[in-house]
Structures are given as structure tokens and as C-alpha cells.
Amino acid sequence: MSASAGPPHGAALQRMVPRDAGVIVQVGSALGDRFIPLRSAYCGAKHAVDGFTYSARTELMHQHSHVSITVVRMPAVNTPQFSWVLTRLPTYPSPYRPSISPRRHSRDTPG
């Protein structure tokens, strides 16, 4: 597998591919496909997560590997990213509404 980008630089794949087993779960967002104002960097990063994951999955399938890789798309979770964001724009980004607290999300998520 040629995938060596992303944290931790392909280290998980280096162990999973020889064993032909394992699952990698990437954290994505609906904003990887839906773009909204003042969030271009975030949307671009989540779009990159999708592209990397789909490309890596295709490479694994081409090798007939039993290692799987997928993206989970989280709902709007109210994280502190908006309290430390720097901008030179007159308007600050704010959480997408409605958003849920991380505590509620972890409580309501099965597993």
C-alpha cells in the first residue's frame, strides 16, 4: 500500500496490511460535501479526509486486502474550535446550528 500520509503517517496500515486484517475509521463531516461561508479551511480539510479515505480504500480493494477503511460523518458537535479561531474578517465563524454537546454525543452514540 502506498498510503503514507496522515496521522500517524501510515503506521496503522504498515501493521494491518501484512496481517490482512483491521479497520481504520476516519472522522469526517457532512461539511466535506456541503460548503458554508467562513469555514473554507475546515470544509477543505474534511473534503481531503474523504478523498484520502476513498483513494486508500480503492488501493486496498485493488490488492484484495481484508483491511477496511471508512469515514464516519459526525453531526454538528459544539467543540471549542470557535473560541480560539483567528480571523481578519469582520465576522467570526460560529458553530453550525443546531449543534449538540460532545458529552451528549458520546452518551447517545451506540457502542
- Total residues in the range 52-79, condition assigned to a loop (DSSP other than H, G, I, E, B), under 25 Å from L31 (Cα atoms) and not hydrophobic (A, V, I, L, M, F, W, C): 3
- Item | Hits in the range 67-111 - residues which are over 17 Å from the mean Cα position of the chain (by Cα), more than 19 Å from R39 (Cβ to Cβ) and either modelled with pLDDT of 85 or more or surrounded by 15 or more Cβ atoms within 10 Å (Cβ to Cβ) (or both) | V67
- In the range 13-41, residues that are assigned to a loop (DSSP other than H, G, I, E, B) and of a type in the set (K, R) total 2
- Task: Take the range 47-66 and flag every residue that is surrounded by 14 or more Cβ atoms within 10 Å (Cβ to Cβ) and either of a type in the set (K, R) or in contact (Cβ under 8 Å) with a residue 60 or more places away in the chain (or both).
- Result: R57, S65
- Query: Just for the range 26-64: of the residues that are closer than 22 Å to T79 by Cβ and among the acidic types (D, E), which one is modelled with the lowest pLDDT?
  - Reply: D33
- Task: State whether one or more residues within the range 12-25 are under 19 Å from F82 (Cα atoms), surrounded by 11 or more Cβ atoms within 10 Å (Cβ to Cβ), at pLDDT 85 or above and basic (K, R).
- Result: no
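The values are calculated or read from the model by the stated rules, or taken from the named source; none is laboratory data. What you are looking at is a predicted structure, and each value in this text was computed from that prediction instead of being measured. Cβ coordinates were reconstructed from backbone atoms using ideal geometry, including for glycine residues, and neighbour counts include every protein chain displayed.
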